[in-house]
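The values are calculated or read from the model by the stated rules, or taken from the named source; none is laboratory data. All figures in this text were calculated on a predicted structure; none of them were measured in a lab. Here Cβ is always computed from backbone atoms with ideal geometry, including for glycine, and neighbour counts include all displayed protein chains.
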Amino acid sequence: MQKSWLCQSFGPIALGLLLVSGLGTVSAKEYQFAVIPKLRAAWFNRLEVGTKKAAQDLGVKTYMQAPASADEAEQARLIQDAISRGVDAVLVVPNNAQSLEPVFAQAKQAGIVVITHESPNQKNADFDIEMIDNEKFGQAAMELLAQGAGQQRRLCRLCRLINSSSAQSLG
């Protein structure tokens, strides 16, 4: 799996990767990409804005579908729906990396490119895009927190979705 660190926008980078990864060969075919984030939320609304702009700039079709909540079964169903539609690629921000391995395998068997975000070391993905190096960011944050704590160094790590692979990569 290839990784791209410190990217500024998932949508444009992901679509650009697709176009240079073999899908971008000269052809009259119009490519279609499904974007499936963790859930419908303001954070991912920005992803949709960037994806639409990149699609317009690059001359491809995209659509975004998201579960109403961080529901991994619903996310898998949305990916299966994209496979049934015959999209050329799925761009996914997984709720639970392990639960999506089978559906990503189905996508790859169907010839669909799989790109993930916030899912380092994702099995059955062609690319993963990370905005930061999770390990280095976590180390730097904990060092700053420890400096600010002075003599008291009892720290804990909080994370919103414990099944996300980016949270699990922190150990």
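In the range 150-165, the count of residues that are at pLDDT below 80, touching a Pro at 6+ places or on another chain (Cβ under 8 Å) and within 18 Å of Pro37 (Cα to Cα) is one or more.
Applying the selection to the range 83-109, what residues are in a loop (DSSP other than H, G, I, E, B) and closer than 21 Å to Ala55 by Cβ? If the condition is that a residue be in a loop (DSSP other than H, G, I, E, B) and closer than 21 Å to Ala55 by Cβ, then Gly86, Val87, Asp88, Val93 are the ones that fit.
One line per residue, one yes/no per condition, for (1) farther than 13 Å from Asn124 by Cα; (2) in contact with a Leu (Cβ under 9 Å, 6 or more places away or on another chain); (3) among the small types (Gly, Ala, Ser):
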{"position": "Asp71", "(1), (2), (3)": "yes, yes, no"}
{"position": "Gln80", "(1), (2), (3)": "yes, no, no"}
{"position": "Ser84", "(1), (2), (3)": "yes, no, yes"}
{"position": "Val103", "(1), (2), (3)": "no, no, no"}
{"position": "Gly111", "(1), (2), (3)": "no, no, yes"}
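Scan the range 123-136 for residues that are modelled with pLDDT under 85 and over 19 Å from Leu47 (Cβ atoms) and report the count. Total meeting the criteria: 2.
It is to be established whether one or more residues within the range 22-42 are at pLDDT below 90, over 17 Å from Ser119 (Cβ atoms) and in contact with an Asp or Glu (Cβ under 6 Å, 6 or more places away or on another chain). Scanning the range 22-42, I find at least one residue that is at pLDDT below 90, over 17 Å from Ser119 (Cβ atoms) and in contact with an Asp or Glu (Cβ under 6 Å, 6 or more places away or on another chain), so the answer is yes. For the range 111-124, indicate whether the set of residues that are surrounded by 22 or more Cβ atoms within 10 Å (Cβ to Cβ) and assigned to a helix (DSSP H, G or I) is non-empty. Within the range 111-124, none of the residues are surrounded by 22 or more Cβ atoms within 10 Å (Cβ to Cβ) and assigned to a helix (DSSP H, G or I).
Out of the residues in the range 60-96 that are touching a residue at least 40 places away in the same chain (Cβ under 8 Å) and among the β-branched types (Val, Ile, Thr), state the one that is surrounded by the most Cβ atoms within 10 Å (Cβ to Cβ). Checked the range 60-96; the qualifying residue surrounded by the most Cβ atoms within 10 Å (Cβ to Cβ) is Val92.
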